[in-house]
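**Q** Before I ask anything, here is the structure I am working with.
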Amino acid sequence: TTNSLLILPGDGIGPEVMTEVRKVIGWFDGRGMSFDVSEDLVGGCAYDAHGTPLHDDTMAKAQEVDAVLLGAVGGPKYDSLDFSLKPERGLLRLRKEMDLFANLRPAQCFDALADFSSLKKDVVAGLDIMIVRELTSGIYFGEPRGIVTEGNERVGINTQRYTESEIARVARSAFELARRRGNKVCSMEKANVMESGVLWREVVTKIGAEEYPDVALSHMYADAGAMQLCRWPKQFDVIVTDNLFGDLLSDAAAMLTGSLGMLPSASLGLPMANGRPKALYEPVHGSAPDITGQGKANPIACILSFAMALRYSFDAGDEATRLEKAVEKVLADGLRTADLLGPEGGSPVSTGEMGDAIVAALDAA
Ligand code: NAI
Ligand code: MG
């Protein structure tokens, strides 16, 4: 089978890190896998070319491919644009129209970087957990919302709202993932004080019992979960939670592992006709205008995002593991981009040197 991939490098360091991912794709292409890669614009560069951060033709392509891989969007040049024309609207449109309701954020600690975490080495060394955040509903979208006047003062209103089917589909994503990992799901909400949390716990429990009895399910209040995440993160395998709590918990978990330049993500939707889920892969970081064009960007977050595409879109789990091992090897060999060097410094490698080293490590593996 051919694996179709749409690459959207975007703005700032997006194109720089994507150049390195292309080297990796080139390595896998022909070694038992084949890729049909197309490329297009998103964000500020799309606005420059078409007057819109995402052209309809690009949107249509994204709906058809097995996976979309995005670099980053945005930059100071576009800060004064109208809200509807801003680069991030391009990304939001992709997520919304592809209905990407499950946001997967791994927190993985490569042993070579364990010293770099803000936590004690034994707390994070070998850490490998996955946070599944509901991405398309909840308090960021619920109605009613707005700022209204009541009596002689204004009130800011947002509504936390989840339907049973919205909870069920993200729960299934988490259980499916757990089966391919450590077979454990911890669901986090605040059922003690929120109605949506009561329903969340009920639905997740029912789906776990009826459809995934083989997966160990536990529940935790999200505030206690935040504490446990910092105290002993290795107790978790897959965490599933709502949009708001997931936003906070995944950012906190990210810092367990070091640099923004290391963090991949995936956003998945419903299965398409070929059985593969709608999927968008992207590094967690932004367009980093402060280092753009200097060869300083760490390409690993984007390369690990491609590893997630291998695993979750292209049925190539072994290849994904091989790529992750190659990353681990170059880090163990001591290679560091500037973001991975502490205040004591050292001599950093460039974006291109890091990409080349990872490809060389694939050869050696
Ligand atoms: P940022 O993630 O672009 O940068 C934050 C800091 O981390 C900067 O010092 C940057 O140099 C560093 N950094 C980020 N990625 C790195 C990498 N791969 N290697 C080495 N260092 C890296 O976030 P910031 O500065 O808040 O936003 C910059 C622009 O990016 C804004 O226009 C913002 O809207 C956009 N942005 C886009 C996102 C996306 O495309 N998904 C996400 C976050 C921000
Ligand atoms: Mg956030």
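The values are calculated or read from the model by the stated rules, or taken from the named source; none is laboratory data. It should be emphasised that the depicted structure is a prediction, and the values quoted were computed from it without experimental measurement. Positions of Cβ are generated from backbone atoms using ideal geometry, with glycine treated the same way; all protein chains shown enter the neighbour counts.
**Q** Name every residue in segment 65-79 that is at negative phi and either crowded, with 21+ Cβ neighbours inside 10 Å or touching a Pro at 6+ places or on another chain (Cβ under 7 Å) (or both), in order of residue number. So that I can check it myself, show each step before the final result.
**A** Applying the first criterion (at negative phi) to segment 65-79 yields 65-73, 76-79.
Correct list: V65, D66, A67, V68, L69, L70, G71, A72, V73, P76, Y78.
**Q** Where residues in segment 238-254 are surrounded by fewer than 20 Cβ atoms within 10 Å (Cβ to Cβ) and under 11 Å from G225 (Cβ atoms), which of them is nearest to ligand 2 (Cβ to nearest atom)?
**A** The extreme case among them is L248.
**Q** Also: Would you mind finding the one in A60, A72, A67, A49 that is within 13 Å of ligand 1 (Cβ to nearest atom) and hydrophobic (A, V, I, L, M, F, W, C)?
**A** Details: A60 fails: within 13 Å of ligand 1 (Cβ to nearest atom); A67 fails: within 13 Å of ligand 1 (Cβ to nearest atom); A49 fails: within 13 Å of ligand 1 (Cβ to nearest atom).
Only one candidate passes the filter, namely A72.
**Q** May I pose another question? Condition check: part of a loop (DSSP other than H, G, I, E, B), hydrophobic (A, V, I, L, M, F, W, C), within 29 Å of G225 (Cα to Cα) and at pLDDT 90 or above. Does L92 satisfy that? Give the steps one after another, and end with the answer.
**A** Working: part of a loop (DSSP other than H, G, I, E, B): no; hydrophobic (A, V, I, L, M, F, W, C): yes; within 29 Å of G225 (Cα to Cα): yes; at pLDDT 90 or above: yes.
The answer is no for L92.
**Q** Moving to a separate point now. Going residue by residue through segment 292-299, is there one that turns out to be more than 16 Å from ligand 2 (Cβ to nearest atom), modelled with pLDDT of 95 or more, under 24 Å from G30 (Cα atoms) and of a type outside the set (A, V, I, L, M)? Walk me through how you get there before you give the answer.
**A** The initial filter retains those residues of segment 292-299 that are more than 16 Å from ligand 2 (Cβ to nearest atom), namely 292-299.
The next check asks that each one be modelled with pLDDT of 95 or more; those that pass are 292-299.
Okay, now just the ones that are also under 24 Å from G30 (Cα atoms), so 299.
Subset that is of a type outside the set (A, V, I, L, M): 299.
The answer is yes; a qualifying residue exists.
**Q** Between a residue in segment 294-313 that is farther than 18 Å from E353 by Cβ and any residue that is of a type in the set (F, W, Y) and not in a loop (DSSP other than H, G, I, E, B), which pairs come within a Cβ distance under 6 Å, given they are 6 or more apart or on different chains?
**A** Going by the 6 Å Cβ cut-off, the qualifying pairs are S305/Y281; M308/Y281; A309/Y281.
**Q** Just for segment 4-38: of the residues that are part of a strand (DSSP E or B) and within 20 Å of the chain's Cα centre (by Cα), which one is nearest to E353 (Cα to Cα)? Step through it out loud before you land on a result.
**A** Step one: list which residues in segment 4-38 are part of a strand (DSSP E or B), which gives 4-10, 29, 33-38.
Among the residues that remain, those that are also within 20 Å of the chain's Cα centre (by Cα) are: 4-10.
On the way: S4: 27, L5: 25, L6: 25, I7: 21, L8: 22, P9: 19, G10: 22 Å.
Checked segment 4-38; the qualifying residue nearest to E353 (Cα to Cα) is P9.
**Q** All but one of (1) without any contact (Cβ under 8 Å) to a residue 40 or more places away in the chain; (2) crowded, with 21+ Cβ neighbours inside 10 Å; (3) within 30 Å of D318 (Cβ to Cβ) hold for G225; state the number of the condition that does not hold.
**A** (3)
**Q** State which residue is surrounded by the most Cβ atoms within 10 Å (Cβ to Cβ) when the search covers only segment 92-115 and only residues that are without any contact (Cβ under 8 Å) to a residue 60 or more places away in the chain and among the aliphatic types (A, V, I, L, M).
**A** Restricting to residues being without any contact (Cβ under 8 Å) to a residue 60 or more places away in the chain and among the aliphatic types (A, V, I, L, M), the top hit is A114.
**Q** Still on this structure: May I ask you to list the residues in segment 51-88 that are under 18 Å from the mean Cα position of the chain (by Cα) and closer than 19 Å to P15 by Cβ?
**A** Within segment 51-88, the subset under 18 Å from the mean Cα position of the chain (by Cα) is 62, 66-74, 88.
Hits for segment 51-88 are A62, A67, V68, L69, L70, G71, A72, V73, G74, E88.
**Q** If you don't mind, another one. Go through segment 61-92 and report how many residues are away from ligand 2 (no atom under 16 Å from the Cβ) and either within 20 Å of A309 (Cβ to Cβ) or among the β-branched types (V, I, T) (or both). If you could, list the steps in order and put the result at the bottom.
**A** Here is the first cut: in segment 61-92, the residues away from ligand 2 (no atom under 16 Å from the Cβ) are 61-71, 75-87, 89-90.
The next check asks that each one be either within 20 Å of A309 (Cβ to Cβ) or among the β-branched types (V, I, T) (or both); those that pass are 61-71, 90.
The number of residues fulfilling the criteria is 12.
Conditions (1) part of a strand (DSSP E or B); (2) surrounded by 15 or more Cβ atoms within 10 Å (Cβ to Cβ); (3) not acidic (D, E), marked per residue:
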site	(1), (2), (3)
G156	yes, no, yes
L177	no, yes, yes
V185	yes, yes, yes
A191	no, yes, yes
K206	no, no, yes
P213	no, no, yes
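**Q** Another question, then. Which of the residues spanning segment 47-62 are of a type outside the set (S, T, Y) and part of a helix (DSSP H, G or I)? Working first, answer last.
**A** Step one: filter segment 47-62 for residues of a type outside the set (S, T, Y), giving 48-51, 53-57, 59-62.
Matches in segment 47-62: D48, A49, H50, D56, D57, M59, A60, K61, A62.
**Q** For the condition within 16 Å of ligand 1 (Cβ to nearest atom) and modelled with pLDDT of 95 or more, what is the one hit in V359, V327? Explain how you work it out, then say what you get.
**A** On the way: V359 fails: within 16 Å of ligand 1 (Cβ to nearest atom).
Among V359, V327, only V327 is within 16 Å of ligand 1 (Cβ to nearest atom) and modelled with pLDDT of 95 or more.
**Q** I've got another one for you. Looking at segment 154-164, can you tell me whether even one residue there is over 20 Å from G269 (Cβ atoms) and touching a Phe, Trp or Tyr at 6+ places or on another chain (Cβ under 7 Å)?
**A** no
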